[in-house]
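These notes are about the structure you will find just below.
The numbers here are math on the coordinates, done by the rules we state, and not lab data. Predicted model only: the values in this text are computed from it and were never measured. As a convention, Cβ positions derive from the backbone with ideal geometry for all residues, glycine included, and neighbour counts pool all protein chains shown.
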Amino acid sequence: MTQDPYQTLGVSRSASADDIRKAFRKLAKANHPDVNPGNAAAEERFKRVSAAFDILGDPEKKARFDRGEIDADGRESMRGFGGGAGPFGGGGGPFGARSGGRRAGPGGGGPFGGGGGGAGDFEDILAEMFGNRAGAGPQGGAGGSGARGPVKGEDLRLRLEIDLEEAIKGGPKRISLPSGATLDLTIPAAARDGQVLRLRGKGEAGRLGGPAGDALIELALRPHPLYRRDGADLSMDLPISVPDAILGARVDAPTPDGPVSLTVPPRANSGQTLRLKGRGAIDAQGKRGDLLARLVVMLPDMPDEALESFAREWRDKRPYQPRRKT
């Protein structure tokens, strides 16, 4: 059963022409016989995606397919097949005549011929990917594989997790490649989550004397055990003692750049927030955010009889009911 060309290319029916070209490029590059010599399954997949692009890459054919006038092989759906329809016969299909009766081949309309919008795109895409000046597929076109020049190596796409401090300050980093080798790189200062670093010539080796591909490293920030992110701002809980909350104090507060001395005002309460300017994360424009320290008043870890006696006397002589401020 012929597969729906949209399913073959993995695109929706509302996909744009550019999306269809991108999907075909990706699948053709992965399954092209030059990349998979002797792999019959890959060659068959290449034929299927080529046939699908022959339909969807040609605006006229795509419109007719969407209206149900032709099937996925380019054959008339509602009329008789005429002179031997089928993918390799004299009727429609990617390797035979076009549904209107023209023959494929050099100057014809299938994906391996020279006519039609889809065929021209097909050859342009393959020429761009494989350096084929004459634009031929595995079935042999005007140039054949002998006309291909140097082919650039595949790009490597990798994901590298980094800490918040590394993203802010930058620095050297080493990443392991799928081959087991390692690659050294430098994280730039003010790096952002999702930022992609391109290391030219660090990808797969080229073919036929072509240049090596690039390594594309996507940065991903790990969740931090202390800080919570809100855009470029960071927030954290800062524990303080009961005496420091009552009397005020200078306390050490951690920041991504190291500890700083912070002033806690007298009569501070849990939930009160102090702002440290320029001590946060980095936004998309490279601007530094702030660090918000939320005070949390903490009792001693061990029982303290003197504190408990003071609290009992205070409660008896100076009772009060705390109210949430509005």
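Taking other Cβ atoms within 10 Å as a rough exposure proxy, Phe310, Phe46 sort from fewest to most as Phe310, Phe46. Of all DSSP bridge pairs formed entirely within segment 228-317, close to 60 percent run antiparallel. Between Ala205 and Thr263, the simple label model (points 7 Å from Cα in the Cβ direction) yields a spacing of 6.6 nm. A cut-off of 5 Å between modelled amide H atoms, ignoring neighbours fewer than 5 places along the same chain, links Leu238 with Arg294, Leu295, Val296. Here segment 250-326 and segment 211-245 have alpha carbon centers that stand 20 Å from each other. Short-range pairs are left out: with C-alpha atoms under 8 Å and at least six residues apart, the relative contact order of segment 156-221 is 40 percent. Amide H contacts of Ile187 (H built 1.01 Å from N, in plane; Pro and chain starts excluded): Gly171, Lys173 sit under 5 Å, all sequence-distant by 5 or more or on other chains.
The trypsin sites (Lys or Arg not before Pro) found in segment 154-210 that occupy coil by DSSP, while having at most 12 further C-beta atoms within 10 Å, are Arg200. Placing dummy labels 7 Å off each Cα toward the beta-carbon, the span from Ala220 to Ala15 is 2.5 nm. Other residues with beta-carbon under 13 Å from the beta-carbon of Ala311 carry, at +1 per Lys or Arg and -1 per Asp or Glu, a net charge of -1. Sparsely packed loop sites in segment 31-69 (the trypsin sites (Lys or Arg not before Pro) outside DSSP H, G, I, E and B with at most 14 other Cβ atoms within 10 Å) comprise Arg67.
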